């Protein structure tokens, strides 16, 4: 009987230990996300980018208060993300910030984030186009980054209000295929089949009268590239 009691107690203690461990892991994971009450460099980056895009109106102070939370909610709502006011992995990726959450994240993290976001833009905007056309679409984004007339980050360009239909219709959140990833990487490596274009459009689907006024420099597949 004593052996049975000892065995039962051991099982109970083991179960309690496992539950405490899982709770600790979950708490640690939750604490790595920027949310109301958080502070630090990641919060500052969130505020900076959302302010550039018109979502955040407060000071860039690195404190995740009610204004930052509301700005994150507005950004999530506008871009087809789960609206919870928490800057989790998907929201950070959409903003263009590595989910490492620290200021020491170097060029590698930034480059990975740019590649991921640019790949999703290519997949949403140009899947089905020939490969060179997909690279050209990615190159247009990078040409805008280099232009003083546009935001100076990949995320800033892609999430600039009204810039790309795939952002407004949620396709930016689709997982890119290998072709889109490769095309984005080639553009990041310096290949620009668009020859410096800042715009492109599909004449069969374009609804903006303004885009038709741009000077067309070349056509690749179904897209006309313009300056």
| said: Taking the beta-carbon count within 10 Å as an exposure proxy, list 123, 201 from fewest neighbours to most. | reply: 201, 123
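Evaluated at 37 °C with a viscosity of 0.692 mPa s, what Stokes-Einstein diffusion coefficient in µm²/s does the range 101-227 have when Rh comes from the Kirkwood expression over alpha-carbon pairs? Let's see the in-between values first.
Working: Rh = 14.7 Å.
Estimated diffusion coefficient is 224 µm²/s.
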| In what sequence do 207, 179, 112 fall when counting other Cβ within 10 Å, fewest first? | 207, 112, 179
| Cα gyration tensor, the range 144-196 - rounded (a/c under 1.5), prolate or oblate | oblate
| note | Ranked output for segments 183-193, 86-96 by mean other Cβ atoms within 10 Å, highest leading, reads 86-96, 183-193
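Quick one: 168, 38, 194, 66, fewest Cβ neighbours within 10 Å first, how do they rank?
Ranked by crowding around the Cβ, least crowded first: 66, 168, 38, 194.
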| query | Can you give the FRET efficiency for residue 39 and residue 192, using 1/(1 + (r/R0)^6), R0 = 41 Å, r = Cβ-Cβ distance, to the nearest 0.05? | reply | 0.55
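All of the numbers you see were taken from the coordinates with simple rules; none came from a lab. All figures in this text were calculated on a predicted structure; none of them were measured in a lab. Here Cβ is always computed from backbone atoms with ideal geometry, including for glycine, and neighbour counts include all displayed protein chains.
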